[in-house]
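Q: Take a look at this one; I'll ask things after.
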Amino acid sequence: MNRRSFAQSVGSAVALSALTKPSVWAESPSKETPGRILAIAAHPGDGLFTMVALLAQQIERGGTGALLSLSLGEKGAPKDIPVHQYGEMQRTATQKATHLLGAEAIFLRYPDAEIPFNEESALAVCDTIREHQPDVVVTHWSGSWHKDHQSCHLIVRDAVFYAGLETLTRGRPAHSVSKVYYAENWEDASNFVPDTYLDIEAVYEKWLQACDFYPMWRGQTGFFRYNDYYSALSIMRGCLSGSKHAVALMSDPSLRMDRPRWF
Ligand SMILES: [Zn+2]
């Protein structure tokens, strides 16, 4: 089994957005709206700030969404809060935020800053994919300075492959994911080239409320102004895609393939 098999393992593996022709999900919702989305983030904040708006949008339209956090992001604790306590605060914030949006929160307990990319972690995520049977998986892009984000990207690629492998016996039967997208994250910006834009106007205010459960969102745990950055980003992406607020996603480069029968 090699990593080139990733493209073959993704259900459709074809007809995703071409680089030169950005697609907008909202234009043809009856065809383009997937029913189930699984977001997989290294840390809960990444999930809420970069992935959950599109979960909320799909839930609003009758789909389902779940956020899997590989760690609690506990080592981002400010000096006056013990690491363990901060992890539990992150867990509680994530549960409140996903509950508000109608999504499910799932956690794996890998230590923050030490998320391992190995067979065990890939199989653990594979099992989550088989359990939740998502049509779409959204996760980190590889062009990140953060080692946990890089590991998460690699784990998810192998997990999607393993999940669809009929001959790999696990507790649940194989499940092929139809599409994999990468979320726009300020920490994963190297060579991030968005090709899919999703109108999130219907859930924008609710998504902001969900993000506000996190002290980090309001800049209370560090220097970065997450609220300003991601709310402004949604406006900018909306400008580019003809809506008020939008999120931009990137298809896996190996899946950017159209197979037209004619032009
Ligand atoms: Zn992170």
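The values are calculated or read from the model by the stated rules, or taken from the named source; none is laboratory data. Note that this is a predicted model, so its numbers are computed, not measured. Here Cβ is always computed from backbone atoms with ideal geometry, including for glycine, and neighbour counts include all displayed protein chains. The accessibility values were calculated without ligands, DNA or RNA, using every heavy atom of the protein model including side chains. Shrake-Rupley method; radii C 1.70, N 1.55, O 1.52, S 1.80 Å.
Q: So who's got an amide H within less than 5 Å of the one on THR64, skipping anything under 5 residues away but keeping other chains? H placed 1.01 Å off N, in plane.
A: ARG36, ILE37
Q: Right, another one. Relative contact order (percent) for the chain, with alpha-carbon contacts under 8 angstrom and 6 or more residues of separation?
A: Working: 539 pairs, mean separation 69.8, N = 263.
So the answer I get is 27 percent.
Q: For the chain, what is the accessible area per residue in Å², given a 1.4 Å probe and the full set of protein chains?
A: 46
Q: Dipole magnitude of the range 117-243 about its Cα centre, charges +1 at Lys/Arg Cβ and -1 at Asp/Glu Cβ only, in debye to the nearest 20?
A: 60
Q: Roughly what % of DSSP beta bridges within the chain run antiparallel, to the nearest 5?
A: Values: 7 of 26 bridges.
The antiparallel proportion sits near 25 percent.
Q: May I ask what percent, to the nearest 5, of DSSP beta bridges between residues of the range 126-263 are antiparallel?
A: Percentage antiparallel, nearest 5: 65.
Q: Within the range 157-188, which trypsin sites (Lys or Arg not before Pro) sit in a loop by DSSP and count at most 16 neighbouring Cβ atoms inside 10 Å?
A: Passing sites in the range 157-188 are ARG170.
Q: Percent of Cα-Cα pairs per 10 Å bin, from 0 to the last occupied bin, for the range 156-224, please list those.
A: Calculated over all Cα pairs of the range 156-224, the distribution is 15, 26, 31, 23, 5 percent.
Q: So, one more: Counting only C-alpha contacts under 8 Å and six or more residues apart, can you give the relative contact order of the range 58-171 as a whole percent?
A: RCO, the range 58-171: 25 percent.
Q: Something else: So who's got an amide H within less than 5 Å of the one on VAL138, skipping anything under 5 residues away but keeping other chains? H placed 1.01 Å off N, in plane.
A: Counting only residues 5 or more places away or on other chains, the set is LEU38, ALA39, ILE40, TYR181.
Q: Using 1/(1 + (r/R0)^6) with R0 = 30 angstrom and r between the beta carbons of TYR229 and SER178, what's the FRET efficiency to the nearest 0.05?
A: 0.50
Q: Using R₀ = 41 Å, calculate the FRET efficiency as 1/(1 + (r/R₀)^6) where r is the Cβ-Cβ separation of LEU240 and THR169; round to 0.05.
A: Calculated transfer efficiency: 0.35.
Q: Okay, moving on. Please report the carbon-and-sulfur percent of the accessible area for the chain; probe 1.4 Å, protein heavy atoms only, DNA, RNA and ligands left out. Before the final figure, lay out each step's value.
A: Numbers: 6330 of 12070 Å².
Of all accessible area on the chain, carbon and sulfur atoms account for 52 percent.
Q: How would you classify the range 107-146 from its alpha-carbon gyration tensor, with a ≥ b ≥ c the square roots of the eigenvalues: rounded for a/c under 1.5, else prolate if a/b is greater than b/c, otherwise oblate?
A: The shape class here is oblate.
Q: Where in the chain lies the longest segment free of GluC sites (Glu not before Pro) that are both loop residues by DSSP (not H, G, I, E, B) and have at most 14 other Cβ atoms within 10 Å?
A: Details: sites that count: GLU114, GLU166.
Longest run free of exposed loop sites: 1-113.
Q: What ³J(HN,Hα) values, in whole Hz, does the Karplus curve 6.51 cos²θ - 1.76 cosθ + 1.60 give for the range 135-146 when θ = phi - 60°, with x put for Gly and Pro?
A: Working through the residues one at a time gives 6, 10, 10, 10, 8, 6, 6, 6, x, 10, 7, 8 Hz.
Q: In a solvent-free Debye calculation with one equal scatterer on each Cα, what is log10 I(q)/I(0) for the chain at q = 0.13 Å⁻¹, listed in the order of the q values?
A: Relative scattering, expressed as log10 I(q)/I(0), comes to -0.79.
Q: Can I ask one more? Answer rounded, prolate or oblate for the range 177-263, using the Cα gyration tensor with square roots of eigenvalues a ≥ b ≥ c: rounded when a/c is under 1.5, else prolate when a/b is larger than b/c, else oblate.
A: prolate
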